[in-house]
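First up is the structure itself, then whatever we jot down about it.
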Amino acid sequence: MIARTQRTKRVPARLNDCEVTQDNAVNDEGDLIHFALLADSEPLNYRDALKSNVWKRAMEEELKSIEKNQTWKLVDLPDKKKKIDVKWVFKVKLNPDGTISKHKARLVARGFLQKHGIDYNEVFAPVARIETVRLVVALACKNKWSLYHLDVKSAFLNGPLDEEVYVSQPPGFEIKGKESMVYKLYKALYGLKQAPRAWNKRIDDFLIQIGFKKCAAEFGVYVHCPKDEDIVIICLYVDDLLITGSRIAEIAKVKDKLKSEFEMSDLGELSFFLGMEFMRREDGIVMHQQKYIGELLEKFEMESCNPLSNPSETNTKIDECSDEEKVDPTVFRQIVGSLRYVCNSRPDICYAVSVISRFMHDPRKSHMIAAKRILRYLKGTLEIGLLFPIGTNSAGSTLIGYSDSDWCGDITDRRSTSGYVFKFNNAAISWCTKKQAVTALSSCEAEYIAGTFAACQAIWLNSVMIEIKCEPVKPLILRIDNKSAISLAKNPISHGRSKHIATRFHFIREQVTNGMIEVQYCPTEVQLADGFTKAVKLDRFEFLRRSLGLVVCNSSMN
């Protein structure tokens, strides 16, 4: 008999948080557990995929799409040229209710094998900024326009290539007798470094050809004015298009032109865009991320945690905590990165996420506790979203900004934190929390620097609004709760309090002088940017949250 090893078997450290089962383990019904787990999972390689009719059809559909777009041609590999390998990537697409939508097989080039200057040159491709998307949604709600969502199928396969690129034949679909031949690419494949840029150039040329004009201040936004009073606006984010306009008939014409040029999916009225959900109510549209936050809580095993009412502690400030034990930096960075994405619809956590983002280089136990506190807050406020009201009134039809700053709030380097928020049609469209690059010597200086930071954003928003035919009332209003900073912005004086301030921070004074921005005083009690600079008490926090337009999604305001 063969002697069995006496070595003690230990579970690897990486599996400490996992539920480990034996290969031959069975469930209560007598079925193999591992077979059950793999029932609807993606194949590990193309050989396994070819054994399944469902995945084989998905692979064949991908190749048909490539041939239909005339993406490549089979040729012999020229001398002194290297081919780039390709691989199959498999993904099960799910519906919001968890059922299977489709089995997707994507042929992807191994772009990391490309050499700069040989296989590619420029790779940058512009996309619409998230605050621009919020601005367009707010504008559509103000004017009671319809919002539509289009998705381009296999978008990158439409982008023509300027470089000479060769790829190997798809694994499992090599042509018999021609195994040594390769495909010369005329259009991009997914995975190529220049694929996003090639696609962007392709759709950019087409939109300009059918009469659209690209915004100079925002390259991801296109505007078309078929008549003096009509307008169609497109927000482009890679292969997702958000379309709105003053007349449904004009929008329909644009959609027909796009469908005639590209293979597209018309997803109807806007409901889901870039991971953000849009829910229509009687009083407007609510943008939220309930599904994403739910997945986030499940991913980091916080779905059963105790909820909290405030994302950050009021009287506690976090420092480097170098004497505390370290935590897994990868997990911490994953949490922070995910929370930063949630900030796109939840300005109430912006400050708390900004604070923990400062410690990603060396996270400690206190930093992880602070990060999980934000997750606990999201668990208790899962149904909250950002409301874009329908219609308008005299108070909400202009662009209004709020700027604030703490003073020496960071206990590590004593730098201040700037915060701003801009509202249009009573909806928050742009907000930010950022630690200042210099150390302010007074609260006046800190507020003045924060005001300049907000003024730059106001000028940019004004430029975008002009190009989308929504020019705001001049001058732009910026509200600050520090009278000394306001005086410094209005009066070109130089004394001991201001002579050391860098020239670039006097940008706000220049804009006030030429009449572009009007600086107004507002009491601290109604300063909406207050929550972007420091942790505030619960009653104050809830007031600011309501003032920013955050509401419960399933309720309606009458």
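The values are calculated or read from the model by the stated rules, or taken from the named source; none is laboratory data. Computed from a predicted model, the values in this text were never measured in an experiment. FYI the Cβ positions are ideal-geometry reconstructions off the backbone, even for glycines, and counts take in every protein chain you see. Side chains included, ligands, DNA and RNA excluded: accessible areas come from the protein's heavy atoms. Shrake-Rupley method; radii C 1.70, N 1.55, O 1.52, S 1.80 Å.
Here are the numbers for this structure:
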read-out	value
Out of 285, 293, sole residue that is of a type in the set (Val, Ile, Thr), open to solvent by less than 40 Å² (accessible area, probe 1.4 Å) and part of a helix (DSSP H, G or I)	293
One residue from 378, 399, 441, 382 being farther than 20 Å from residue 536 by Cα and either open to solvent by less than 20 Å² (accessible area, probe 1.4 Å) or aromatic (Phe, Trp, Tyr) (or both)	399
Residue list for the stretch 81-112, filter: open to solvent by 70 Å² or more (accessible area, probe 1.4 Å) and touching a Ser or Thr at 6+ places or on another chain (Cβ under 8 Å)	83, 93, 94
Criterion violated by residue 43 - all others in (1) more than 26 Å from residue 178 (Cα to Cα); (2) modelled with pLDDT of 80 or more; (3) open to solvent by 50 Å² or more (accessible area, probe 1.4 Å); (4) not aromatic (Phe, Trp, Tyr) satisfied	(3)
Any hit, the stretch 219-228, residues being without any contact (Cβ under 8 Å) to a residue 60 or more places away in the chain and part of a strand (DSSP E or B)	yes
Residue in the stretch 298-317 that is part of a helix (DSSP H, G or I) and open to solvent by 80 Å² or more (accessible area, probe 1.4 Å) present	yes
Residue in the stretch 122-131 that is at pLDDT 90 or above, assigned to a helix (DSSP H, G or I) and of a type in the set (Val, Ile, Thr) present	yes
First in the stretch 456-484 and open to solvent by 40 Å² or more (accessible area, probe 1.4 Å), second anywhere and of a type in the set (Val, Ile, Thr) and not in a helix (DSSP H, G or I), Cβ under 6 Å, 6 or more apart	469/231; 473/398; 475/517
Scan of the stretch 411-428 for residues that are over 12 Å from residue 449 (Cβ atoms) and free of Cβ contacts under 8 Å to residues at least 40 places away in the same chain, ordered by number	413, 414, 422
From 144, 115, residue being open to solvent by 50 Å² or more (accessible area, probe 1.4 Å), out of contact with any Ser or Thr (no Cβ under 9 Å at 6 or more places or on another chain), farther than 21 Å from residue 234 by Cβ and not aromatic (Phe, Trp, Tyr)	115
Qualifying positions in the stretch 217-229 - open to solvent by 80 Å² or more (accessible area, probe 1.4 Å) and touching an Asp or Glu at 6+ places or on another chain (Cβ under 9 Å)	219, 227
Residues of the stretch 403-424 classified as closer than 17 Å to residue 535 by Cβ and not in a loop (DSSP other than H, G, I, E, B), total	6
Residue, farthest from the chain's Cα centre (by Cα), within the stretch 248-278, restricted to residues that are touching a residue at least 60 places away in the same chain (Cβ under 8 Å) and open to solvent by 60 Å² or more (accessible area, probe 1.4 Å)	248
Restricting the stretch 543-558 to residues that are touching a residue at least 24 places away in the same chain (Cβ under 8 Å) and assigned to a helix (DSSP H, G or I), the residue that is most open to solvent (accessible area, probe 1.4 Å)	545
Matching option when the condition is over 24 Å from residue 278 (Cα atoms) and in contact with a Pro (Cβ under 6 Å, 6 or more places away or on another chain), among 331, 327	327
Pairs, first at positive phi in the stretch 139-155, second part of a strand (DSSP E or B) and open to solvent by 10 Å² or more (accessible area, probe 1.4 Å), C-beta under 9 Å, six or more apart	154/106; 154/190
Selection count where residues are within 15 Å of residue 545 (Cβ to Cβ) and either in contact (Cβ under 8 Å) with a residue 40 or more places away in the chain or aliphatic (A, V, I, L, M) (or both), scope the stretch 325-352	9
Among (1) free of Cβ contacts under 8 Å to residues at least 60 places away in the same chain; (2) open to solvent by 100 Å² or more (accessible area, probe 1.4 Å), the one test that residue 48 misses	(2)
Residues of the stretch 109-121 satisfying the condition of being in contact (Cβ under 8 Å) with a residue 12 or more places away in the chain and either acidic (Asp, Glu) or not in a helix (DSSP H, G or I) (or both)	109, 110, 114, 118, 119, 120, 121
Residue in the stretch 388-406 that is touching a residue at least 24 places away in the same chain (Cβ under 8 Å), more than 30 Å from residue 451 (Cβ to Cβ) and over 22 Å from the mean Cα position of the chain (by Cα) present	yes
Criterion (out of contact with any Asp or Glu (no Cβ under 6 Å at 6 or more places or on another chain) and more than 25 Å from residue 465 (Cβ to Cβ)) met by exactly one of 153, 115, 144	115
Among residues of the stretch 513-542, those that are farther than 18 Å from residue 308 by Cβ and either open to solvent by less than 30 Å² (accessible area, probe 1.4 Å) or not aliphatic (A, V, I, L, M) (or both), counted	18
In the stretch 427-453, residue nearest to the chain's Cα centre (by Cα) [restricted to those that are over 17 Å from residue 534 (Cβ atoms), outside any helix (DSSP H, G or I) and of a type outside the set (S, T, N, Q)]	429
Search result, residues across the stretch 65-82 that are of a type in the set (Lys, Arg) and at pLDDT below 90	68, 80, 81, 82
